[in-house]
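Scroll down for the structure; my scribbles are underneath it.
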Amino acid sequence: EPLRSRCLGIRVPAPDRKEIVGVLQKIAKKERLNLPEKLAGKIADVSDRNLRRAVLMFEATKVQQYPFTADQKVNLCDWEVYIHDMASAITAEQSPQRLLDIRGRLYEL
């Protein structure tokens, strides 16, 4: 807290869609990948203006299928899929055994 009172907080807005597409295209160029503009736009839209998430989704999409196609499905990050599966398991059955199972899965993260 004493350090915070001596610092100036600077707010940096989240990047817009165009900036995210530009960063993804730059990464693709450096990695010598051919990233269609339409796919880069889809990744930017699904990432919800989160650049880190967009880069992770780009990587997951490349692992799933390369060479890219313009109408390719954008893959979520592994941890997002894992959390989604856990949420589905929780809503499917609420029992002590399920609680232990979910607890074990949380430790795996």
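The values are calculated or read from the model by the stated rules, or taken from the named source; none is laboratory data. The shown structure was predicted, so the numbers you read here are calculated from the model rather than taken from an experiment. Quick reminder, even Gly has a Cβ in these numbers, built from the backbone with ideal geometry, and neighbours come from all protein chains shown. Side chains are part of the model used for accessible areas, which takes the heavy atoms of the whole protein and leaves out ligands, DNA and RNA. Shrake-Rupley method; radii C 1.70, N 1.55, O 1.52, S 1.80 Å.
Within segment 50-65, is there a residue that is at positive phi and either of a type in the set (S, T, N, Q) or loosely packed, with under 10 Cβ neighbours inside 10 Å (or both)? It would help to see each step written out before you state the result.
If we filter segment 50-65 for residues that are at positive phi, which is where we start, we get none.
No, segment 50-65 has no match at all.
Taking (1) part of a loop (DSSP other than H, G, I, E, B); (2) exposed (fewer than 11 other Cβ atoms within 10 Å of the Cβ); (3) touching a residue at least 24 places away in the same chain (Cβ under 8 Å) in turn, V74 satisfies each apart from (2).
Quick check on T91: is it out of contact with any strand residue (DSSP E or B) (no Cβ under 7 Å at 6 or more places or on another chain), open to solvent by 60 Å² or more (accessible area, probe 1.4 Å) and closer than 30 Å to G104 by Cβ? Considered against the rule, which asks whether it is out of contact with any strand residue (DSSP E or B) (no Cβ under 7 Å at 6 or more places or on another chain), open to solvent by 60 Å² or more (accessible area, probe 1.4 Å) and closer than 30 Å to G104 by Cβ, T91 comes out as yes. Can we say R11 is touching a residue at least 12 places away in the same chain (Cβ under 8 Å), over 17 Å from V63 (Cβ atoms) and assigned to a loop (DSSP other than H, G, I, E, B)? In short, no.
Of all residues in segment 14-37, which are open to solvent by 100 Å² or more (accessible area, probe 1.4 Å), out of contact with any Phe, Trp or Tyr (no Cβ under 9 Å at 6 or more places or on another chain) and outside any helix (DSSP H, G or I)? If the condition is that a residue be open to solvent by 100 Å² or more (accessible area, probe 1.4 Å), out of contact with any Phe, Trp or Tyr (no Cβ under 9 Å at 6 or more places or on another chain) and outside any helix (DSSP H, G or I), then E31, R32 are the ones that fit.
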